[in-house]
Amino acid sequence: MSASDVSVGAFLGASLKRQLLLAYRRPVDTINPLLFFLLVVTLFPLGIGPDPSQLAEFAPGILWIVALLASLMAAEGMFRQDYEDGSLEQLLLSPQPLYLASLTYTAAHWLVTGLPLTLLSPLFATMLQLPVAALPVLMMSMLLGTAILSLVGSIGAALTVSLKRGGMLISLIIVPLYIPVLIFAAGAVRFAAGGFDPQPQLLLLAGMLSLAVALAPFAISAGLRISVDAG
Amino acid sequence: MEGLDLDISAGNMVLIEGPNGSGKTTLLRSLAGLSRLGLTGSIARDCDELLYLGHRAGIKQLLTPRENLVWACRSQGWNPDTIDSALERVGLSGRADVLCQHLSAGQQRRVNLARLYLSFEHQHPRTLWLLDEPFTAIDRDGVTSLAATMAQQVQRGGAVVLTSHQDLPLDIPLRRLVLGGAA
């Protein structure tokens, strides 16, 4: 490793640490999506009746739609603080590779939003009477799916960060890109709940994740440059 | 802003003046390469390194001065072991581990200005400093010490471009660029 490799590694480590520290000191950004999830999952049985078989039938779809909306909520504010306090300008001017920096920011964001959702998803699923046999597949789909949602959400967040009211626009930009995740992730859980093999859907999700990891940072970097230029 | 032809070379100290809204910040951002929208014409830059301090403080309220500066150093590829001396230069050594949200406006500006001392320590002598209102909320002693650092930077072959509404307590040659009235 050359000296500059060491410096890039140290920078990415420092960025990850900084983002996690910030999330720790302002836990509301992490807790809000989880509370939202809990609220919706609590309301569904009241809305469509407590019949376990009926709930179980809808559970995969409900869980994934709520995960999608929670992720949308979390994505919006991702670069907001950095934009407003000028850190983003410093990031763009720094000699460090923006591609890797974008990836690190997204990883930090996923660690404080997607990962808690993945870990708590069995609890929420049990509230919706999802068969226990489908829980491992649900967690696997959440693990892969929320990571894709974080990457795609970051693109929207980067593009709209300079807008005062970016909320609606970010939804329009990223919801169409969320749809494949919804279809295959909910499909995997439905297959598992019905006793079928969910492997094809999970592999497709894994493929989508690989694609998103490779390509999304380019779009995030470009989005950040445009937003700072416009600011 | 039209018909602007500016040539900044090593050893220059340029003060951009003008009323609010005359484009001082826009010009600095363009020089830094942050802003290209609405720019017709070209900017050629041939300096080794660049340091830009914008009017936004660039520091996190929920981090301490030290934590802020560690990231600032890492983002530039500098070793953070000189942070203590930089914090001492800006008079914050006793407050290095207090969250920035508990610091006054002037102290928060000082955290940002500590980057100048870090840059002086780590960056190439021929670094171009672009400073947007560096003296805002800084007391008189702070201004004197900052201006002295800028003078040193210019004398060692760097260049400084700054905007300010106050006069600099300096005895080195200063180029003034006065931008026109507000649009």
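Just so it is clear, none of the values below were taken in a lab; they were calculated from the coordinates. Computed from a prediction, not measured in an experiment: that's the story for all the values here. No Cβ is skipped: glycine too gets one built from the backbone with ideal geometry, and neighbour counts run over all protein chains shown.
Counting only C-alpha contacts under 8 Å and six or more residues apart, can you give the relative contact order of region A:1-97 as a whole percent?
Relative contact order for region A:1-97 comes out at 33 percent.
Using only the Cα atoms of region A:1-91, construct the convex hull and provide its projected area averaged over every direction, in square nanometres to one decimal.
Orientation-averaged projected area of the Cα hull: 8.8 nm².
Please get the size of the charge dipole for region B:13-178, origin at its Cα centre, with Cβ charges of +1 on Lys and Arg and -1 on Asp and Glu, quoted in debye to the nearest 20.
420
Angle between the Cα long axis of helix B:105-122 and the longest principal axis of chain B, 0 to 90 degrees, nearest 10?
Value to nearest ten degrees: 80.
Using every Cα-Cα pair within region B:69-132, state what percent have a distance larger than 15 Å.
49
Have a look at B:Thr163, B:Leu39, B:Met150 and report the one farthest towards the positive end of the charge dipole of chain B, computed about the Cα centre with Cβ charges (Lys/Arg +1, Asp/Glu -1).
Value computed over the given set: B:Leu39.
Quick check: the angle from helix A:52-76's long axis to the longest principal axis of chain A, C-alpha only, nearest 10 degrees?
Computed tilt is about 10 degrees.
Rg/Rh for region B:13-178: what does it come to with C-alpha atoms and Rh from Kirkwood?
Looking at region B:13-178, the ratio lands at 0.95.
Report the relative contact order of region B:13-178, percent, no decimals, based on alpha-carbon pairs under 8 angstrom and at least 6 residues apart.
Relative contact order comes out at 36 percent.
Where nothing but the Cβ of Lys and Arg (+1) and of Asp and Glu (-1) is charged, how large is the charge dipole of chain A around its Cα centre, in debye to the nearest 20?
Roughly 200 debye, rounded to the nearest 20.
Would you list B:Thr26, A:Thr126 from fewest to most Cβ contacts within 10 Å?
Neighbour counts put them in this order, fewest first: A:Thr126, B:Thr26.
Give the distance, in whole Å, between the Cα centre of region B:2-55 and the Cα centre of region A:188-231.
Cα centroid to Cα centroid, the span is 40 Å.
Might you report the magnitude of the Cβ-based charge dipole of the protein assembly as shown about its Cα centre, with Lys and Arg at +1 and Asp and Glu at -1, to the nearest 20 debye?
For this selection, approximately 240 debye.
Looking only at chain B, where both bridge partners belong to it, what percent of the DSSP beta bridges are antiparallel (to the nearest 5)?
Approximately 0 percent, going by the DSSP bridge assignments.
Which whole-number value in Å³ per residue fits the convex hull of the alpha carbons of the protein assembly as shown?
Convex hull volume per residue, Cα atoms: 155 Å³.
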